[in-house]
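**Student:** First the structure, then my questions, so here it is.
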Amino acid sequence: MSSPIETLRLGFIGAGRLGAALAWSFARRGCRVTAVASLRHAEAEKLAAPIRECSIAGVQELVDDSDLVFVTTPDDAIAPTVESARWRPGVAAVHCSGATELSSLEKAARDGASIGGFHPMQTFGDPEAAAQSLPGCTITIEAEEPLNATLVALAERLGCRVNRLPAGARGRYHAAAGYASQFVNVLLREASEIWQSWGASEEDAVRALLPLVRGTLSSIERAGLAEAMPGPVSRGDVGTVAKHVASLGELDDARIVKLYRALCARSVVLAIERGGIDKAAASKILRMLDEPRPARLGRR
């Protein structure tokens, strides 16, 4: 697949939030998005509407008339969708899942098509917002040449960084991404439940905490994970940590203080790397938390 990316006919099977964000982003950057197929006709219409000369097609028609097919269905539907079509040499089948291995595209490969993975590390709660925030994000690519070069060129056209992923690593890769996406939601929910213990609402908590989150992320971007680490553990303030544990232990939900203990224990390693505490202070904090010493405690 050595044609200039501007001449490639890009098709999308699946017109959900991810498919829409990618299709709109490619079209706005001079790529030809020529067709979309979806079980939900309204979603296909919404994806195609702002893209000139993008038609709504059936799966087989789309495969026949495309050079590169992005499969942006839910993960469980990728393999059945690919298996439902006849593929050919000269076309590429590329899924956009973080967790799904390329073996889900085996039918296309057997038919002679090139196969690959193209996963943007971005949230897609709102497709227009995602399209606006795609530049600068990382896209994980897994493909052999010449498809690899085409996918890299497409990622660069979107203004994105490229990450390589070896075969078999998708489960770990996708789990790691969760720490920077859905687990942020979990942590803010935990914090909001603590706020609600004195009568504040979840909305009050989120509005108060989001600027704090943004400031933390900005510091990490400038200084790195360890150097930008804030909070009492980072400075060896055992008394404050003890107060936190005691006050959270008074809440009705014992899981809140249990999670706090676990997170504090994991943060000790970052505090040591930062130089904010030594091993003696780290041990004191861990004893107070009543958590096992982390295996990396000796790192300085």
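**Student:** 222 nm [θ] for the chain, helices only, -39500 (n - 2.57) per DSSP H run of 4+, per residue, to 500?
**Tutor:** -15000 deg cm²/dmol
**Student:** May I ask for the Rg/Rh ratio of the chain, computed from Cα atoms with Rh as the Kirkwood radius, given to two decimals?
**Tutor:** 1.08
**Student:** Return the whole-Å distance between the Cα centroid of segment 74-111 and the Cα centroid of segment 161-190.
**Tutor:** With segment 74-111 and segment 161-190 each reduced to a Cα centre, they are spaced 22 Å.
**Student:** Of the beta bridges DSSP finds with both residues in segment 5-169, what % are antiparallel, to the nearest 5?
**Tutor:** 20
**Student:** Stretch residue 190-residue 156 to full length: gain in nm at 0.36 nm per residue minus the Cα-Cα span?
**Tutor:** Taking residue 190 through residue 156 to full extension adds about 8.5 nm, to one decimal.
**Student:** Suppose the chain between residue 287 and residue 209 were pulled fully straight at 0.36 nm per residue; how much longer would it get relative to their current alpha carbon spacing?
**Tutor:** Length gained between residue 287 and residue 209: 25.1 nm.
**Student:** Percent relative contact order of segment 5-169, based on C-alpha pairs within less than 8 angstrom and at least six residues apart?
**Tutor:** This gives 19 percent for segment 5-169.
**Student:** Here's a follow-up. Restricting to Cα pairs below 8 Å that are 6+ residues apart, what does the relative contact order work out to for the chain? Please round to a whole percent.
**Tutor:** Result for the chain is 11 percent.
**Student:** Along its principal axes, what span do the Cα atoms of segment 5-169 show, with the longest given first and each in whole Å?
**Tutor:** 35, 32, 30
**Student:** Calculate the all-directions average of the projected area of segment 48-129's alpha-carbon convex hull, and give it in nm².
**Tutor:** Across all orientations, segment 48-129 yields a mean hull projection of 5.8 nm².
**Student:** As a test, work out the antiparallel percent of DSSP beta bridges whose residues both lie in the chain, rounded to the nearest 5.
**Tutor:** 20
**Student:** Quick query: amide H of residue 37 versus all other amide H atoms, modeled in the peptide plane; which residues come in under 5 Å with a sequence gap of 5 or more or a different chain?
**Tutor:** Long-range HN contacts for residue 37: 12, 13, 14, 57.
**Student:** What is the dipole size for the chain, taken about its Cα centre, with +1 at each Lys and Arg Cβ and -1 at each Asp and Glu Cβ, in debye to the nearest 20?
**Tutor:** 1140
**Student:** May I ask you to give the average projected area over all directions of the convex hull of the Cα atoms of segment 179-289, in nm² rounded to one decimal?
**Tutor:** Mean orientational projected area (segment 179-289, Cα hull): 7.0 nm².
Only the coordinates and a few stated rules stand behind these numbers; no lab work does. Keep in mind that what you see is a predicted model, and the values were worked out from it rather than measured. Virtual Cβ from ideal backbone geometry, glycine too; neighbours counted across all protein chains shown.
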